[in-house]
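Novice: Take a look at this one; I'll ask things after.
Values quoted throughout were computed directly from the atomic coordinates according to the rules given, and no laboratory measurement underlies them. Treat the numbers as computed from the prediction; the structure is a model and nothing was measured. Cβ sites come from the backbone with ideal geometry, for glycine too, and all protein chains shown count toward neighbours.
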Amino acid sequence: MEEALKSGVHMIEADILIGSHGSHKGEPIMAHPPETDSDNTLHNWLSEVQQSDKGIKLDFKSLSAVEPAMKMLVSMKDLLTRPVWINADILPGPNESKDFLCIVTSYLPHVTLSLGWKTDELVNQTNIVYTWEMVKEMEQICQTLSQPVTFPVRAALVRPSWPQLSWLLEQSERYSLTVWTAREDLYTVEDMLYIRENVDKSRIYFDLFEPQNSELRQAVNMKFTDQI
């Protein structure tokens with residue numbers, strides 16, 4: 001957290017679930033399964049971030065953490081003057097998607113929603129894509145919403161899924177993509193550059209590890225220089 005606050009990043013992402021034991025049992029904490037304990041609570045984390053100018057992305061790993069977190073955000077009104085994204089992987093799964101959206105929008109009707117698909121470890125990436133069925137199901141959920149929606153999509157899957165994802169973007173000006181990656185995923189900077197060049201830059205965000213993040217920035221700058 002301290003490293004992120006001192007860095008030049010625009011937004012900080014936090015994974016949230018309900019503490020299952022210890023002094024923070026039943027309280028929203030900063031942890032990612034399989035870890036279920038933490039020395040940092042959501043309240044402490046938000047208090048620190050509140051002193052910076054960073055935007056925040058809250059990634060919920062359990063539905064039970066959503067409502068207490070929303071109450072906390074509403075009580076810390078200064079945080080709501082900066083970009084706030086509320087994230088969950090809502091597809092596939094049972095009816096949790098509707099519950100998640102109802103809770104968030106009842107407390108924060110204008111917040112940006114970050115709605116994604118659950119993905120497993122990409123041991124073999126061959127023929128793995130975001131299918132037409134997946135994007136159409138997501139669009140059916142999002143078309144009734146009024147706030148901005150960004151779709152977190154896995155970098156290794158974006159280029160082979162581009163027909164489906166570009167179609168999804170075309171369905172509403174409220175939609176954008178956030179391209180993220182797991183550390184072991186295989187993808188090329190050329191693929192990221194292709195995406196960057198084929199969608200308005202205001203509708204694409206990148207959440208990449210180094211050195212790919214810097215390589216993409218350099219490639220974008222070189223392309224811009226060549227065009228001049």
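Novice: Which three extents, in whole angstrom, do the alpha-carbon atoms of region 159-228 cover along their principal axes, largest first?
Specialist: The Cα atoms of region 159-228 stretch 36, 32, 19 Å along the principal axes, largest first.
Novice: Restricting attention to region 129-189, which trypsin sites (Lys or Arg not before Pro) occupy a DSSP loop and are surrounded by at most 14 other Cβ atoms within 10 Å?
Specialist: Details: sites: 136, 154, 174, 183; in loops: 174, 183.
Loop-located and lightly packed - 183.
Novice: What do you get when you divide the Cα radius of gyration of region 104-198 by 2.2 N^0.38 Å, with N the number of residues? Numbers along the way, then the final one.
Specialist: Working: Rg = 13.8 Å, N = 95, 2.2 N^0.38 = 12.4 Å.
Compactness ratio reported: 1.12.
Novice: Quick one: which residues, 5 or more positions from residue 153 or on another chain, have an amide H under 5 Å from its amide H? H modelled 1.01 Å from N in the peptide plane, none for Pro or chain starts.
Specialist: For residue 153, the qualifying residues are 178, 179, 180.
Novice: What's the angle, to the nearest 10 degrees (0 to 90), between helix 96-107's Cα axis and the longest principal axis of the chain?
Specialist: Value to nearest ten degrees: 70.
Novice: Tell me which of 26, 114, 63 sits at the most positive position along the dipole axis of the chain, charges placed on C-beta atoms (Lys, Arg +1; Asp, Glu -1).
Specialist: About the Cα centre, the residue reaching furthest to the positive side is 114.
Novice: Let me ask another. Out of residues 5 or more away from residue 114 or on other chains, whose amide H comes under 5 Å of its own, with H placed 1.01 Å from N in the peptide plane?
Specialist: When sequence neighbours closer than 5 places are left aside, the close amide H contacts are 86, 87, 88, 150.
Novice: If you plug each phi of region 64-77 into the Karplus form 6.51 cos²θ - 1.76 cosθ + 1.60 with θ = phi - 60°, what whole-Hz ³J(HN,Hα) values come out, in order, with x for Gly and Pro?
Specialist: Couplings: 5, 7, 5, 5, x, 5, 5, 4, 5, 4, 4, 6, 10, 4 Hz.
Novice: Obtain the radius of gyration and the Kirkwood radius of region 46-109 from its C-alpha atoms and give Rg over Rh. Intermediate results must be reported in sequence, preceding the final value.
Specialist: Numbers: Rg = 12.2 Å, Rh = 12.5 Å.
Rg/Rh for region 46-109 comes to 0.98.
Novice: Now for a separate question. Could you tell me which trypsin sites (Lys or Arg not before Pro) in region 67-119 are loop residues by DSSP with no more than 14 other beta carbons within 10 angstrom of their beta carbon?
Specialist: Values: sites: 71, 77, 98, 118; in loops: 118.
Counting only loop positions with at most 14 other Cβ atoms within 10 Å, the trypsin sites (Lys or Arg not before Pro) in region 67-119 are 118.
Novice: Can you compute the modelled spin-label distance between residue 128 and residue 4, with each label point 7 Å from Cα toward Cβ, in nm?
Specialist: With each label placed 7 Å out from Cα toward Cβ, I get 2.4 nm.
Novice: So if I take the alpha carbon set of region 2-227, get Rg, then get Rh from the Kirkwood formula, what is the Rg over Rh ratio? Please list the in-between numbers first.
Specialist: Values: Rg = 17.8 Å, Rh = 18.6 Å.
With Rh from the inverse mean 1/r over Cα pairs, Rg/Rh is 0.96.
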